[in-house]
Amino acid sequence: MKDIYTLGIESSCDETSVAVVKNGREILSNVIDTQIPIHEKYGGVVPEIASRNHIEAISRVTKKALEEANISLEQIDAVTPTYGPGLVGALLVGLSYAKALSFAINKPLVGVNHIQGHIAANYITYKELEPPFLCMMMSGGNTQIIHVKDYTEFEVLGKTRDDAIGEAFDKVARVVGLGYPGGPKVDKLAKEGKPTIELPKTHFENMDFSFSGIKTAVINLHHKNPEINKADLCASFEKTITEILIENIKKAMKVTGMKTIALAGGVSANIFIRKAFLDLGQIQDDKEKQENQIQNDIKIYMPDLKLCTDNAGMIASAGYYNYMQGKRDALDLNAIPNLKL
Ligand code: KG4
């Protein structure tokens with residue numbers, strides 16, 4: 001069979017990234033131009049500044065991605081940009097560029113949902129992984145438990161009713177003075193602390209999440225007692241939030257009977273969360289196994305650390321599966337900031 005090369009373009013937030021992927025699984029290049037140092041001084045991403053920097057970077061990043069992959073534009077089979085969810089101005093830069101490329105080289109334009117891209121990061125890391133499986137999707141804008149029924153078929157089983165998990169990490173980091181982006185900084189500081197502080201958990205009957213309560217509790221604790229040990233606070237926050245994730249993924253396993261779980265999104269780079277999921281795959285306690293109808297054959301997949309956060313490699317992989325499914329988009333494809341799976 002002929003090899004298929006997809007050109008992924010990602011610009012939904014603060015990373016301008018372009019990648020060439022072969023047959024959906026093999027990264028030939030994955031150039032990531034991050035704007036983190038630019039937004040750091042504002043304590044978060046400033047949408048207008050993000051859009052302007054994407055414009056400045058997109059041609060250069062694309063050229064580099066093609067060079068590193070040692071491939072010409074004519075060899076690309078499909079141009080596969082993220083078209084949502086994300087910041088509308090930022091998305092429009094990558095999408096418009098992709099449309100122009102697709103028109104110029106006369107190759108199909110195949111839009112990709114950013115969340116689908118995060119899931120696909122697992123296909124690059126694990127060549128043997130195939131749907132169906134459960135995905136614990138945790139990023140700066142989304143927190144969802146997804147039943148991945150096929151490469152392009154998804155059912156959302158549970159989602160956050162307020163903040164995304166990454167947002168909660170970022171806000172906690174900002175309040176305790178760690179700066180942006182908060183997740184990796186909380187992760188680092190938590191390693192030096194002990195999870196001794198009791199924090200609230202929100203439970204729902206179904207598999208939904210709520211992180212605003214725990215976030216507010218951390219903020220209030222810190223404001224009322226500025227001398228509080230920040231490392232302990234971060235460790236307690238991380239532990240409590242991880243327990244919530246594990247509770248809900250167990251419910252999802254019970255409901256679906258699925259025993260394969262993949263993590264996705266920026267927060268899946270968190271070391272404590274990764275370890276907790278790995279432990280879930282090795283539950284030894286029979287009582288807990290029975291109660292949760294869990295056997296020891298749970299398989300846990302987690303993307304390489306560099307593929308957890310935004311990158312075009314994962315977008316080109318998801319784009320390949322959309323392309324193979326026959327998805328084609330017209331040049332009037334618009335950016336959809338709140339695009340759902
Ligand atoms: O997936 P991502 O790069 O962007 C979105 O699609 O939203 O996720 C970014 C989020 C940020 O909130 C960042 O703080 C968080 O992922 N993050 C982490 C870690 N690394 C990145 N959160 C916790 N621990 C980490 N190690």
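Where a number appears in this text, it was derived from the coordinates with a stated rule and is not lab data. Worth saying up front: this structure is predicted, and the values here are computed from it rather than measured. Here the Cβ is made from the backbone with ideal geometry for all residues, glycine too, and neighbour counts use every protein chain on show.
Structural remarks
- The chain - mean residue ellipticity at 222 nm from DSSP helices (-39,500 (n - 2.57) per run, n ≥ 4, rounded to 500): -14000 deg cm²/dmol
- Normalised by 2.2 N^0.38 Å, where N is the number of residues, the C-alpha radius of gyration of region 116-249 stands at 1.13.
- Positive-end residue, the chain charge dipole about Cα centroid, Cβ charges, pick of L189, G89, Q116: L189
- Listed peptides 214-222, 106-114 appear in the order 106-114, 214-222 once ranked by packing, highest mean of other Cβ atoms within 10 Å at the front.
- Degrees, to the nearest 10: 165-175 long Cα axis against longest axis of the chain: 70 degrees
- Descending semi-axes in whole angstrom, ellipsoid equivalent of region 292-341, from the Cα gyration tensor: 31, 15, 13
- The value for region 42-95 of Rg(Cα) / (2.2 N^0.38 Å) is 1.33.
- Across region 37-45, rounded Karplus estimates of 3J(HN,Hα) from the backbone phi angles (6.51 cos²θ - 1.76 cosθ + 1.60, θ = phi - 60°) give x, 6, 8, 3, 6, 9, x, x, 6 Hz, Gly and Pro being marked x.
- Kirkwood Rh, angstrom, region 179-266 [1 / mean 1/r, Cα pairs]: 14.4 Å
- The alpha carbons of region 66-177 give a radius of gyration and a Dmax of 17.0, 51 Å, in that order.
- Residues of region 106-141 with amide N under 14 Å of a point placed 7 Å along Cα→Cβ from K306: 125
- Here the translational diffusion coefficient of the chain follows from Stokes-Einstein with Rh set to the Kirkwood radius across Cα pairs; for 25 °C and 0.890 mPa s it amounts to 120 µm²/s.
- For region 7-62, the equivalent ellipsoid derived from the alpha-carbon gyration tensor has semi-axes of 24, 11, 8 Å in decreasing order.
- Karplus-derived 3J(HN,Hα), 6.51/-1.76/1.60, for each residue of region 155-160, Hz, glycine and proline x: 10, 7, 8, x, 8, 6
- Beta bridges per DSSP, both residues in the chain: antiparallel share near 65 percent.
- Net length available on complete extension from K127 to I336 is 72.2 nm, with 0.36 nm assigned per residue and the Cα-Cα distance removed.
- Scaling the Cα radius of gyration of region 100-144 by the globular reference 2.2 N^0.38 Å produces a ratio of 1.53.
- Cα-centre dipole for the chain with unit charges at Cβ (Lys and Arg positive, Asp and Glu negative), debye to 20: 120 debye
- Diffusion constant of region 1-143 at 25 °C, which comes from Stokes-Einstein with the Kirkwood Cα-pair radius and 0.890 mPa s, µm²/s: 157 µm²/s
- Sequence-distant residues sharing a close amide H with T260 (under 5 Å, placed H): L134, K299
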